[in-house]
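Novice: This is the structure I want to talk about, given as C-alpha cells.
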Amino acid sequence: MKKLVFATNNLNKLKEVQALMPKDITLLSLKDIECFEDIPETKDTIEGNAIQKAEYVKTHYGFDCFADDTGLETDALNGDPGVYSARYAGPQKNAEDNMNKLLEALTNIENRSAHFKTVIALSLGSDIKTFTGICEGVITNNKHGEKGFGYDPIFRPNGYEDTFAEMDLSLKNKIGHRGKAITQLIDFLT
C-alpha cells in the first residue's frame, strides 16, 4: 500500500480527502509524520505556496506529499485578497475580520465577481505536479449561512442561489474549487 502525506493539520479535511482516494493509497497527516512546526508560506502566489509546502515535507521528512493553498480573488480589487486571503485583515487569520474587510472594500462597487482558486502541489519522487481548481461566483452584500469556513458566507457560486455556507458539503465539494483540484489529483494518481 502506497503512503502519501497530505500537508495539513485539518483532520476533517484529511478524512474527507481519504474517502475520495483509491484504496491502495494511505493518507498520512503532518501529525502522523511528527511534523509539528509551521511550514513556511512565503511565496507571492497560491501556486508558489502549495509547491513550497509540498517541497518542505519532501525535503525535511522524505515522504511523497501533496499540499494545497487556496485564495479568493475579486475582479474589482485586482485579485485581492488572493494569496493573502487567510490574513487579509491581519496576522490573526480571523475569518470574520477578513469577511468584514472585504465587504467594506466592495461597498458601492457594482462588479462583485470573484473566484476561489485552489492549487494542489504533488511532490512525487523527484517531480512536482500541480492541479488547479477554480469556482467562479460573486461576493454577496451580506453574510448568509452557518456552514463552511473562511469566506463561505459571502461567496455565492455562479448558477446557485445559496452561498457556500448555506450548501451541503457534498454539493460544495462537487462544484467547488478544492473538490475540482482533488479530482484532478486523484485522476493523476489512478
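Novice: State which residue pairs qualify: first residue in contact (Cβ under 8 Å) with a residue 12 or more places away in the chain and inside segment 16-39, second residue exposed (fewer than 10 other Cβ atoms within 10 Å of the Cβ) and of a type in the set (S, T, N, Q) in any location, beta carbons under 7 Å apart, and separation of 6 or more residues or different chains.
Specialist: What qualifies is Pro22/Thr190.
Novice: Go through segment 4-30 and report how many residues are touching a Ser or Thr at 6+ places or on another chain (Cβ under 6 Å) and loosely packed, with under 13 Cβ neighbours inside 10 Å.
Specialist: 1
Novice: Further question on the same structure: Identify, by number, the condition in (1) part of a helix (DSSP H, G or I); (2) under 17 Å from the mean Cα position of the chain (by Cα); (3) among the hydrophobic types (A, V, I, L, M, F, W, C) that Cys135 doesn't meet.
Specialist: So Cys135 meets the others, but not (1).
Novice: Got a sec? Which of Leu185, Leu169, Leu189 is open to solvent by 50 Å² or more (accessible area, probe 1.4 Å), of a type in the set (A, V, I, L, M) and farther than 18 Å from Ala76 by Cβ?
Specialist: Testing whether each residue is open to solvent by 50 Å² or more (accessible area, probe 1.4 Å), of a type in the set (A, V, I, L, M) and farther than 18 Å from Ala76 by Cβ leaves just Leu169.
Novice: Let me ask another. Pairs, please: C-beta under 8 Å, at least 6 apart or cross-chain, first residue outside any helix (DSSP H, G or I) and in segment 170-190, second surrounded by fewer than 17 Cβ atoms within 10 Å (Cβ to Cβ) and modelled with pLDDT under 95?
Specialist: Thr190/Pro22
Novice: Could you say which residue among Ala105, Ala86 is without any contact (Cβ under 8 Å) to a residue 40 or more places away in the chain, small (Gly, Ala, Ser), over 21 Å from Thr183 (Cβ atoms) and surrounded by 15 or more Cβ atoms within 10 Å (Cβ to Cβ)?
Specialist: Ala105
Novice: While we're here: For Ala19, are the conditions met, namely being of a type in the set (Gly, Ala, Ser) and not in a helix (DSSP H, G or I)?
Specialist: When the stated conditions are applied, Ala19 does not pass them.
The values are calculated or read from the model by the stated rules, or taken from the named source; none is laboratory data. Predicted model only: the values in this text are computed from it and were never measured. Note that each Cβ is placed from the backbone with ideal geometry, even for glycine, and that neighbours are counted across all protein chains shown. For the accessible areas, the whole protein counts, side chains as well, though only heavy atoms, and no ligand, DNA or RNA atoms are used. Shrake-Rupley method; radii C 1.70, N 1.55, O 1.52, S 1.80 Å.
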